[in-house]
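Enquirer: Quick one: the structure is below, and I'll ask about it shortly.
Any read-out appearing in this document is the output of simple, stated calculations on the displayed coordinates, not a laboratory observation. If you're wondering where the values come from, they're calculated on a predicted model, not measured in any experiment. All Cβ positions, glycine included, derive from the backbone under ideal geometry; neighbour counts span all protein chains shown.
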Amino acid sequence: MSDDRKSMTTEYLLEKQKNIATKLESDEHGTTLEPMYYGNADCFNIKLARCDTCQGDARTVAMDDRGKIRWFTYCMGCNKATMNNRKQSWLSIFDWASMNLNSLDYKDLPFFKLKNLNHEDAKIEMTDIKNKIELKRKSLGIKNKFEPSRCLEKQLAVATAMVLWACLAMKLIRNAARNINRRKDEPAIKQG
Ligand SMILES: [Zn+2]
C-alpha cells in the first residue's frame, strides 16, 4: 500500500471511530453500555437450554479434532446435536440455544433487562440495544487496530459475544410473537 493510501485509510478509520464515539456519547446510555445491558452475567458461560424436541437435558462436550480441541452440544435424551464443532464452548452453547428456541424465553435471558416487557416493547428495546452493541464493537475494533492491547481484545471479545446474544434475543422475541399469534389462530376450546 502506498503511503498516501495508508494515511487515507488511517484518516478514514479515525474519522469513523470519531463518528461512532459521538453517536455512542450522544446516547444517554453510551458511556455505561456494559453495566446497563450486559449485567453481571458472564457472556461466555450461559446455562444450557433444554432440548425443545424431547425436553431432555443437553451437554456441551469437548472432542479431539485432529489434535485440536473442539466443542459440540447434544441432547442426552434424543441425541439432537449442534452442526458445528466450535473452538470455544460458549459458541456451542450459543449454537444449541439457536436451535432450541422453544425451550427459551427472552424474558429469562441474563442480559438486556427484558423481563417485564411484552414482545412488542421488547422488540423496540432490543433493536436499539443491538445497534448500540454493534457500534460499540466497531469502535473497539478500530481502537484495537491502532493501539492493540489485551484489555481491548478482551472488551472486543465481550462485545462480539454480546452481538450474538443480542441476535438470539431478537430471534426469541420473534418466536414469542409467532407463538402468541399461533395461539390466537387456534379455535377456542369449548368450556364445560
Ligand atoms: Zn432431545
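Enquirer: Quick check on segment 50-103: what are the equivalent-ellipsoid semi-axes from the Cα gyration tensor, as sqrt(5λ), descending, whole Å?
Expert: 21, 11, 7
Enquirer: Testing the spin-label approximation: label points 7 Å from Cα along Cα→Cβ at residue 163 and residue 14. State their distance in nm.
Expert: With each label point 7 Å from Cα toward Cβ, the separation is 2.5 nm.
Enquirer: With an 8 Å Cα cut-off and a minimum separation of 6 or more residues, compute the relative contact order for segment 50-103 in percent.
Expert: 35
Enquirer: When a footprinting reagent is the concern and you count Cβ atoms within 10 Å, what order do 76, 170 take, fewest first?
Expert: Listed from fewest to most nearby Cβ atoms, that is 76, 170.
Enquirer: Say the cut-off is 25 Å between C-alpha atoms; which of 87/145; 80/184; 68/132 go over it?
Expert: 80/184; 68/132
Enquirer: Tabulate in residue order the Karplus-calculated ³J(HN,Hα) for segment 129-137, using 6.51 cos²θ - 1.76 cosθ + 1.60 with θ = phi - 60°, rounded to whole Hz; enter x for Gly and Pro.
Expert: Values, residue by residue: 4, 4, 4, 5, 5, 5, 4, 4, 5 Hz.
Enquirer: Shifting gears a bit: Using 0.36 nm times the number of residues separating residue 150 and residue 21, minus their current alpha carbon distance, what extension gain do you get?
Expert: 44.4 nm is the gain from fully extending residue 150 to residue 21.
Enquirer: Assuming R0 = 22 Å, can you tell me the calculated FRET efficiency for the pair residue 85 and residue 174, based on Cβ-Cβ distance, to the nearest 0.05?
Expert: 0.20
Enquirer: Right, something else. Compute the separation of the alpha-carbon centres of segment 140-173 and segment 62-76 and state it in Å as a whole number.
Expert: 24
Enquirer: How much FRET efficiency would the formula 1/(1 + (r/R0)^6) give for residue 183 and residue 57, where r is the Cβ-Cβ distance and R0 is 25 Å, rounded to 0.05?
Expert: Taking R0 as 25 Å, the efficiency between residue 183 and residue 57 is 0.40.
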